[in-house]
Amino acid sequence: MKSTSRYEMIQQILTELKQPAYRFQQIAEAIFKQKIGEYDKMTILPKAIRSELIKNLGERVLSLTPVAQKTSRQVNKVLFSIEDGERIEAVQLRYERGWKSYCISSQCGCGYGCRFCATGTIGLKRNLTADEITDQLLYFHLKGQALDSVSFMGMGEALANPNIFNALTILTDPRTFGLGYRRITVSTIGILPGIDRLTKEFPQVNLTFSLHSPFDEQRSELMPINNRFPLQDVLNKLDQHIRDTGRKVYIAYILLRGENDSNEHAEAIAALLKQRGPWEHLYHVNLIPYNSTVVTPESYHQSDNDRVQKFVSILNSKGIKVTVRTQFGTDIDAACGQLYGS
Ligand code: SF4
């Protein structure tokens, strides 16, 4: 069931109160331009409207409560409590030259059980609502922080939660967040119906597919979703996404020492991405150093630097575009696969 966002609720309230259309604009400007986080402080509105908003939506605009924060030089991780007392996390990454990027959660916990992932050990508690998703960004915005780019790579599988589509509508609405489509990245382990919907409804949003092994058997072991949506089917779907949108697709690959970082793995990735027809140049591999946490298996370790370099050189030699992601936030468990809500 689609969760109704506060912005839709506000529209409904204003309609019921027979208010002119500019009222919504005033509220949106109060939140997004003047950064007012409480309805009662929106003094541009008549008292009766403020009271009605408070009655229906509560005093505060934000649906999340920050309960803890960890900060290192470039990373700021915030733990929020949500309505039923559960916890979710969002991460702000600060790049040199001031660019601020965010990694937000789409579910509380996750039910897909990828072996290397801390979030997966919790199991799925529930999908986040569109407000809970977008409020992770609104929290930073209300504090005066710029929102330059956002990725759905926090807790949960974004394309397993239908509310992310409503969240994307809100994030790209010029009256509210007004984020450009290309500043948003959705990451998936390969949920085919979700990819279809993203292609149709948000063709300009960036798409990242988590591969992690080019071999079906090993991928199924690392990521049980591979039994339901096998690798070849996902790659065919990604081809279609590229054909329909003309956009790049990013392949995320966490390097696990001695598990998936051999020359054979690099060659097999190249082989997978090289037989894809005229759009094969639109695949781009992002290699991600593994981050261990206290809850992920002890047998997984980060690949040595030499191994990473060899892996890159094999991919390059086969004409595959590849980037090694810089690592941020490992000291505070804020890197990929580390969000645990603790
Ligand atoms: S990697 Fe993503 S899909 Fe897999 S268990 Fe973790 S959060 Fe879920």
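The values are calculated or read from the model by the stated rules, or taken from the named source; none is laboratory data. None of these values were measured; they are calculated from a predicted model. Virtual Cβ from ideal backbone geometry, glycine too; neighbours counted across all protein chains shown. All accessible areas refer to the heavy atoms of the entire protein, side chains included, with ligands and DNA or RNA removed. Shrake-Rupley method; radii C 1.70, N 1.55, O 1.52, S 1.80 Å.
GNM, the chain, Cα, under 10 Å: largest mean-square fluctuation among S106, S299, S213?
Highest fluctuation of the listed residues: S299.
Using Cα atoms only, what is the angle between the long axis of helix 130-142 and the major principal axis of the chain, expressed in degrees (0 to 90) to the nearest 10?
With both axes taken from Cα atoms, the answer is about 80 degrees.
Report the Cα centroid-to-centroid distance between the stretch 253-288 and the stretch 84-129 in angstrom, as an integer.
Answer, in whole Å: 25.
In a Gaussian network model over the chain where Cα atoms closer than 10 Å are linked, find which of Q26, Q12, Q232 has the largest mean-square fluctuation.
Fluctuation is largest for Q12.
If you stretched the chain out fully between R73 and Q232, how much longer would it get, using 0.36 nm times the residue separation minus the C-alpha to C-alpha distance? List each step's numbers first, then the result.
Values: separation 159, 0.36 × 159 = 57.24 nm, distance 4.04 nm.
Contour length minus Cα-Cα distance gives 53.2 nm.
With axes computed from alpha carbons, what is the tilt in degrees of helix 305-317 against the longest principal axis of the chain, rounded to the nearest 10 within 0 to 90?
The angle comes out at about 80 degrees.
Over 10 Å intervals from 0, what percent of Cα-Cα pairs in the stretch 6-57 sits in each interval?
26, 66, 8
Rounded to the nearest 500, what is the 222 nm mean residue ellipticity of the chain from helices alone, with -39500 (n - 2.57) per DSSP H run of 4+ residues and division by all residues?
It lands at -10000 deg cm²/dmol.
Just to verify a number: what accessible area does T176 come out at with the full protein assembly present, 1.4 Å probe, Å² rounded to tens?
10
Quick one: pull the percent of accessible area on the stretch 65-332 belonging to carbon and sulfur, 1.4 Å probe, ligands and nucleic acids left out.
47
Quick one: give the max-minus-min coordinate of the C-alpha atoms of the chain along each principal axis, largest first, in Å.
On the principal axes, the chain reaches 68, 41, 39 Å in Cα extent.
Counting Lys and Arg as +1 and Asp and Glu as -1, each charge on the Cβ, what is the dipole of the stretch 65-332 about the Cα centre in debye, to the nearest 20?
On the way: 30 positive and 28 negative charges, 157 e Å.
Charge dipole, the stretch 65-332, about its Cα centre: 760 debye, nearest 20.
Rounded to the nearest percent, how much of the accessible area of the stretch 6-57 (1.4 Å probe, protein heavy atoms only) is carbon and sulfur?
The C+S portion of the solvent-accessible surface of the stretch 6-57 is 52 percent.
Against the longest principal axis of the chain, how steep is helix 231-245, in degrees 0 to 90 to the nearest 10, with axes from Cα atoms?
Approximately 60 degrees, to the nearest 10.
Using alpha carbons only, how many angstrom separate the centre of the stretch 1-73 from the centre of the stretch 202-226?
Centre-to-centre (Cα) distance: 38 Å.
Can you tell me which of E217, E298, E38 moves the most in a GNM of the chain? Springs connect C-alpha atoms under 10 Å apart.
Greatest mean-square fluctuation among the candidates belongs to E298.
Could you tally the net charge around N206, taking each other residue with its Cβ under 10 Å from the Cβ of N206, Lys/Arg +1 and Asp/Glu -1?
Here the charged neighbours net out to +4.
Just going by the charge dipole of the stretch 106-188, with Lys and Arg at +1 and Asp and Glu at -1 on Cβ, which of P162, L179, G111 is farthest out on the positive end?
G111
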